[in-house]
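As structure tokens, the structure follows; a few thoughts come after it.
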Amino acid sequence: MVAVSLKKKLALNKFAEKYKAPLADATISEVAVYFASVTALDADCPIVLTVNTVADNGEPGEVLATSTVKTADLQYSDDDYLATKFNLDTTVDLKAGEEFFVVVGPFPNSSLEESPYTRDDISIFCLRRGEGNKNTAWQLVEDQDENGNGLGSFKWFENTDDPTSIAIAPCVEYKDKGNGIQTAGAVCLPETKVESVYTISGQRVDAPRQ
């Protein structure tokens, strides 16, 4: 997976990933997030994740479910991609053809002015797609005055200037298992077989990772 990390900046409050509509009625009870760094001054600081509808203006809308994980429980490894599991407080029912968002944040953004001068450094892996390609990432940006001071109001912006997808993976379960939707890990019918499997960055692999 070729990726860059999405870091919390002073004017950015939350990040969101937009998902295409499922092909059939489905549910979500858990979301996996792949963090690129998890350093936090406060081990008990909550990181909040929500599943949201798509509002009429295309932005994240109504909150359907929420999950909170303390910074001490965020998963990271120098030599692997580890999933931090966010278990939702209620199961989200998705209708076929209904798009949705997953929103994460805000992240802590403090630093120590005395030794050891450490600071909060929490980020999520992302895939940068390149100019003109598909974007699924959104940012909640704080309005600022002419001096760069925050005004306390926020607006959602689609990250179209740098098309990106965030490493956030909702665990989707289809309600009707007999609807014909197959995955690489599913038991296929005798007359079908998986011809090839690709990573999110388009690299072909020999077999799906379980």
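The values are calculated or read from the model by the stated rules, or taken from the named source; none is laboratory data. What you are looking at is a predicted structure, and each value in this text was computed from that prediction instead of being measured. Ideal geometry is used to build each Cβ from the backbone, glycine not excepted, and the neighbour counts take in all protein chains shown. The protein model used for the area step is the full one, side chains on, heavy atoms only, and it has no ligands, DNA or RNA in it. Shrake-Rupley method; radii C 1.70, N 1.55, O 1.52, S 1.80 Å.
A few points about this structure:
- Region 144-156: number of residues that are loosely packed, with under 13 Cβ neighbours inside 10 Å and among the hydrophobic types (A, V, I, L, M, F, W, C): 1
- Of all residues in region 108-127 being among the charged types (D, E, K, R) and either modelled with pLDDT of 85 or more or under 11 Å from T39 (Cα atoms) (or both), the one that is surrounded by the most Cβ atoms within 10 Å (Cβ to Cβ): D120
- Of residues in region 12-26 being within 24 Å of A72 (Cα to Cα) and at pLDDT below 95, the one most open to solvent (accessible area, probe 1.4 Å): K14
- Out of G105, G130, sole residue that is open to solvent by less than 60 Å² (accessible area, probe 1.4 Å), free of Cβ contacts under 8 Å to residues at least 60 places away in the same chain and out of contact with any Asp or Glu (no Cβ under 7 Å at 6 or more places or on another chain): G130
- Looking across region 162-192, the residues that are closer than 23 Å to G61 by Cβ and either among the polar types (S, T, N, Q) or at pLDDT below 85 (or both) come down to T164, S165, K175.
- Of the criteria (1) more than 24 Å from V172 (Cβ to Cβ); (2) outside any strand (DSSP E or B), which one S123 fails: (2)
- For region 143-169, a residue qualifies if it is within 20 Å of the chain's Cα centre (by Cα) and part of a strand (DSSP E or B), and the qualifying residues are F154, K155, W156, F157, E158, T164, S165, I166, I168, A169.
- Residue within region 141-156 that is modelled with pLDDT of 75 or more, out of contact with any His (no Cβ under 6 Å at 6 or more places or on another chain), among the β-branched types (V, I, T) and closer than 30 Å to T71 by Cβ present: yes
- Options D93, D78, D89; residue that is closer than 14 Å to Y34 by Cα and either of a type outside the set (A, V, I, L, M) or in contact (Cβ under 8 Å) with a residue 24 or more places away in the chain (or both): D78
- Count of region 27-59 residues which are open to solvent by less than 20 Å² (accessible area, probe 1.4 Å), touching an Asp or Glu at 6+ places or on another chain (Cβ under 6 Å) and modelled with pLDDT of 95 or more: 0
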